[in-house]
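Step one of this worksheet: look at the structure below.
The values are calculated or read from the model by the stated rules, or taken from the named source; none is laboratory data. Because the structure is predicted, anything quoted here is derived from the model rather than measured. Note that each Cβ is placed from the backbone with ideal geometry, even for glycine, and that neighbours are counted across all protein chains shown. Heads up: the accessible areas ignore ligands, DNA and RNA and are worked out on the full protein's heavy atoms, side chains in. Shrake-Rupley method; radii C 1.70, N 1.55, O 1.52, S 1.80 Å.
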Amino acid sequence: MRDLYPGLAKTSWRLGVIVWEGEFQPTDVSEEYRIRISYRLRKAPRVYVLEPELSRNRKGEKIPHRYGDGSLCLYYPEYGEWSPKMFIAETIVPWAALWLYHYEVWHATDQWLGGGIEHSGPKPAEASEVLQ
């Protein structure tokens, strides 16, 4: 992770969960975000935007594609788009960058152009097992 994303160099282990935290800029013209990625073996990684606080768009619409705990919805788990055999630095981090890019476009246009399946309701069961 540190080699590909030096801004996410702050790493900690606690109760079987690895956490990367740091500064992250999805594109050269994007805002800089402070994010946290939490991962427990064989569970879904969780990505949280710590700063700046994510906000509704100009129409007051809720932020799309987030779970109830505020983590980003980066892929559809039932489609098997991510598995524990994949490297987080090569999948989850680029997907988080793409999500943030679409978030910024959504703020500029009031349209979510990132596709995906809209959902609502509680966070996935494994999210409660990962430290925030």
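Hey, could you check region 4-15 for residues that are in a loop (DSSP other than H, G, I, E, B) and either touching an Asp or Glu at 6+ places or on another chain (Cβ under 7 Å) or modelled with pLDDT of 90 or more (or both) and say which is nearest to Ser55 (Cα to Cα)?
Tyr5
Give me a count of the residues in region 29-68 that are more than 25 Å from Ala108 (Cα to Cα) and not in a strand (DSSP E or B).
5
Working only within region 36-50, note down all residues that are surrounded by 13 or more Cβ atoms within 10 Å (Cβ to Cβ), closer than 20 Å to Glu81 by Cβ and of a type outside the set (Gly, Ala, Ser).
Ile37, Tyr39, Arg40, Lys43, Pro45, Arg46, Val47, Tyr48
I'd like to check something: does region 70-87 contain any residue that is touching a Cys at 6+ places or on another chain (Cβ under 9 Å), over 14 Å from Leu8 (Cβ atoms) and of a type outside the set (Ser, Thr, Tyr)?
no
Looking only at region 85-116, which residues are outside any helix (DSSP H, G or I), β-branched (Val, Ile, Thr) and within 22 Å of Arg58 (Cβ to Cβ)?
none
Say whether the condition of being open to solvent by less than 70 Å² (accessible area, probe 1.4 Å), part of a helix (DSSP H, G or I) and either in contact (Cβ under 8 Å) with a residue 24 or more places away in the chain or within 17 Å of Pro6 (Cα to Cα) (or both) is met by at least one residue in region 69-84.
Yes: one or more hits.
Output the residues belonging to region 13-26 that are surrounded by fewer than 11 Cβ atoms within 10 Å (Cβ to Cβ) and either without any contact (Cβ under 8 Å) to a residue 60 or more places away in the chain or closer than 24 Å to Val105 by Cα (or both).
Trp13
Given the conditions (1) surrounded by 14 or more Cβ atoms within 10 Å (Cβ to Cβ); (2) farther than 12 Å from Val47 by Cβ, which single one is not true for Ile92?
(2)
As an exercise: evaluate Ser55 against (1) crowded, with 16+ Cβ neighbours inside 10 Å; (2) modelled with pLDDT of 90 or more and give the number of the one condition it does not meet.
(1) is the only condition that Ser55 fails.
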